[in-house]
Structure formats: C-alpha cells, structure tokens
Amino acid sequence: MRFELPPGALEVLRRLNAAGHQAYAVGGCVRDLARGVPPHDYDICTSALPAQTERCFAGERVVETGIKHGTVTVLMAGEPYEITTFRTDGDYLDGRHPQSVAFTDSLTEDLRRRDFTINAMAYHPDIGLRDPFDGQADIARRMIRCVGDAGARFTEDALRILRALRFAAELGFDIAPDTACAMRELSGRLTLISRERIAAELLRALNGINAVPVLQAFDTVLLAALPDYPAAALPEALHALAILPRGDTVLRLAALLSPCGEAGARALASLKPSRALSSQVLALTAAAGEDISRAELPLWLARLGEAQLRRLLTLQGRDDLLSCLPALMAQHPPLTLGELQINGRDLTAAGLPAGAELGRTLNALHRRVLLGELPNERGALLAAATKMKT
Ligand code: ATP
Ligand code: MG
C-alpha cells in the first residue's frame, strides 16, 4: 500500500527520522488516503518527546498547541502539521478527559488509544501502512468499529459516541453491531460532554451524506445529545432533511428544528450557537409556515436578504418561487428605504407631518413599491404619500 504524502509532511517525517525518532502520518489523513479521498490535513505521531520534536524544528515556526498532551504544531512548506508524541491515556474520571497521559515509544500503544479502527492507522513512506487493529478491513467493509471494547471506550470518553454517529453520517459507513449497541446503551453519558463539542459533532453529522438514515437508526442517541428536542417532531424533521441539499448548516439546522415549535428555540440555545447562526436559524423557523405569494416575493427579499430567502424557499420546497428569484434580483428592487426615490425631507417639504408618522408613511410607500403597486419614481411616490395623508 503506497500513498502520496505532501512535501511538508515528508519533510517533517524526514527530520524526525534523521534525529533517530519514529514518525508516521496518522489518524484521519491515513483513513482518507486508504479510502482514496484527499485528506484536508496531515497529523503526525512520533516517538520523540515534545522538547525533542521542537529541537528537530529549530528555525521553523513552532507553536506549542497542546504541550500537556504532547502536541506541537510546526509550519512546514506553508502548511501547519500537528506533531503528537506517542502516548497512552491514563484513567478517565470525568467521561471525557484522561486524568493523565503517559508518553510511550510504541506506535501500537498510541494507535490503541484512538477511537475507531479506521482512525487507528499510521503510514510511513518507507515502512508502509501500520494497521494493528485492521482498520483497512473496516474501510473495505465500510464499518465504524471501536478499537477494543466499545462499552469501555465510550465510558472513557462519551464524545466518541457522537463521533461514531458523525463518521457514519459523513462517510456513509455502517456502525459495527457491538459499537452500535454500546452507543445506545451509554448515550446517557453525553450529559458529561460540553455543549460546544456536542454541537460541533451534531452539525457535522447533520450535513453528512448519510445523515438521515443514521439519525433515524440512532434517534435515541440524538435525543440524548439534544435533551430539549421533542421526540415527536423527529420523524417530520428527518423527512424534511432527506430531501434538502447538504452543506448549509443554517438550512439543515432549521429543518431539524422547524417542526419543534417553541421547543426548537430551546434545543437550539442548548447548542450554544454563535449569535449569527442562532438568529439565522430562528428567522427561518419563524417564517417556515408562511405561505408566500409571487407578489410578496420582493417583500420577503427585502425582509430576509437573498441568502436567507433562498434557504426559506428551499425549506418550504417552493421551487416555483426559487426560479423567480434570478429575474427578481436582476430588476434590482429597492430593498432598503434608502433606495426609495424619495426621503423624509421630501415628504416634510411637501407638507406631510414629521415624526413617527413620517416613518410609517415611508414604510408604507416602500411596501407598495415592493408589491409592484407603485413605481419607484419621485412624482408617483409624492402623489401617493399626499393621498395617504388625506
Ligand atoms: P476529521 O479531521 O476528518 O474530522 P479525524 O479522524 O482527523 O477526522 P480529528 O478529530 O481531527 O478527526 O482527530 C484526529 C485523530 O485523533 C483521529 O483520527 C483519532 O485517531 C484521534 N481521536 C480524535 N478524537 C478522539 C477521541 N475522542 N478519542 C480517541 N481518539 C480520538
Ligand atoms: Mg483531523
């Protein structure tokens, strides 16, 4: 088995080897290479202790990213490489973090602490694939399987339960029976995991190619990860997700939460989303039930903006309106009050009352222009405003 590594990764391995240390590409990148998919980054593991690693890269940019756990990041050929000392994890007391880590010079021991067989492979260009837990066979079987006893591994670190779900959804792999069984049995331990970590894995799962079948099969795990989510809403949400495009987290999350009513906002808040993500998702779930007519489309465009309106129409399955959007955009309707061919000063100059009334009049004119009832022309707008006053 031969894989192509990028020049930066080869140089990292070469320097560590030249100083007498073992070093391999490891984890996700080897999994992706074995699947024939280009890795998005390359992690390195080594027998060198962190200080020894740093010495190998004197003169390069080195960042002590996780020195406690033995990780330093080196910038090589313009790319960052995380280099982690072979280690074994001590006892896990809190369901997430090992109490201590111990460095080792055994690659196999380092691979043993990793979550799934497909993530527990290492590669060196001169040595080839090191795969003591038969990850390659599981890639061929398209199978997520814990390294060692699934129950023990999920008890150590409950985040692995959601990682299994996420990898199954992203890769379209099945989950081995013992691993699946332990996931369901131990999903109550997800309460030990920080909301941010849960959110990160869930959002990736939601965007996965196999998200719907996986979430269907592991509905109890999903509900354990999102305790505020009403179970009764799940079938409708999964049905909606099944026909939606992937890759847009706002859209996928809105589809998951739309059938939940009030509880949706609570479930969303429990994921500690960024303010932007939260407001976008909530705007969509609030509008999901609206029956938009063709005439109102410019109004909604002004209200939501193009990207959000596209999402809303996609969520609603309104292909008829989606196909109207390009022509509507090409007309450049005045999406803000500022684009109206008249302003407050014009109205007061024409003798209309100032103050709050003025704003209401402008908004009413804007609405009528967007609905196509009035042209966006000074004369017509002034005439309409004067008429509205009487
Ligand atoms: P991707 O980056 O594509 O999401 P990855 O496999 O690289 O996938 P990372 O989260 O970057 O995932 O982790 C890198 C490697 O570290 C994994 O391949 C796995 O070997 C190990 N790993 C990560 N998280 C855990 C964990 N919670 N328990 C055990 N091993 C883990
Ligand atoms: Mg990774």
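Bear in mind these aren't lab numbers, they're just calculated from the coordinates by the rules spelled out. Quick caveat, the model's predicted, so the values are computed rather than measured. Don't worry about glycine lacking a Cβ; one is built from the backbone with ideal geometry, like all the others, and counts go over all protein chains shown.
Summary table below
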item	result
Mean residue ellipticity (222 nm) of the chain, computed from DSSP H runs ≥ 4 via -39,500 (n - 2.57), nearest 500	-14500 deg cm²/dmol
Prolate/oblate/rounded label for region 208-293 (Cα gyration tensor, a/c 1.5)	rounded
Acute angle (nearest 10 degrees) that the helix 306-316 long axis makes with the longest principal axis of the chain, alpha-carbon atoms	80 degrees
Ranked list, fewest to most other Cβ atoms within 10 Å of each Cβ, for Cys181, Cys29	Cys181, Cys29
For region 141-246: Kirkwood Rh in Å [reciprocal of mean 1/r, alpha carbons]	13.7 Å
Cα centroid of region 199-251 to Cα centroid of region 354-390, whole Å	45 Å
Full-stretch length increase - Ala152, Ala350 - with 0.36 nm per residue and alpha-carbon distance subtracted	63.4 nm
Residue order, fewest to most surrounding Cβ atoms within 10 angstrom, among Asp110, Asp32, Asp248	Asp248, Asp32, Asp110
Note, ³J(HN,Hα) from phi for region 41-51, Karplus 6.51, -1.76, 1.60, rounded to Hz, x at Gly and Pro	7, 10, 8, 10, 10, 8, 7, 5, 6, x, 5
Per-pair calculated FRET efficiency, R0 = 45 Å: Ala263 and Leu75 via Cβ, rounded to 0.05	0.45
Convex hull volume per residue for the chain, taking Cα atoms only, in Å³	191 Å³
Of Leu284, Leu325, Leu162, the one that fluctuates the most in a GNM where the chain has Cα springs shorter than 10 Å	Leu325
Simple label model, 7 Å out from Cα along Cβ direction - Ile292 to Glu64, nm	5.3 nm
Cβ-based exposure ranking for Tyr81, Tyr42, in which fewest neighbours within 10 Å come first	Tyr81, Tyr42
GNM result for the chain, Cα springs below 10 Å: residue of Gln280, Gln22, Gln331 fluctuating most strongly	Gln331
Environment charge of Gln216, counting only residues whose C-beta is closer than 14 Å and scoring Lys/Arg +1, Asp/Glu -1	-2
For Cys56, net neighbour charge (Lys/Arg +1, Asp/Glu -1) across residues whose Cβ lies under 12 Å away	0
Full-stretch length increase - Asp134, Ile209 - with 0.36 nm per residue and alpha-carbon distance subtracted	24.5 nm
Gaussian network model of the chain, springs between alpha carbon atoms under 10 Å - residue of Ala180, Ala307, Ala242 with greatest fluctuation	Ala307
5 angstrom amide H check on Phe116, placed H, neighbours 5+ away	Val147
Computed lengthening from Leu192 to Gln341, 0.36 nm per intervening residue step minus Cα-Cα distance	47.9 nm
Label point distance in nm, Asp228-Lys389, each placed 7 Å from Cα along Cα→Cβ	4.9 nm
Around Asp41: net Lys/Arg minus Asp/Glu count, Cβ-Cβ under 11 Å	-4
Longest site-free stretch - the chain; sites: trypsin sites (Lys or Arg not before Pro), DSSP loop, at most 12 other Cβ within 10 Å	3-293
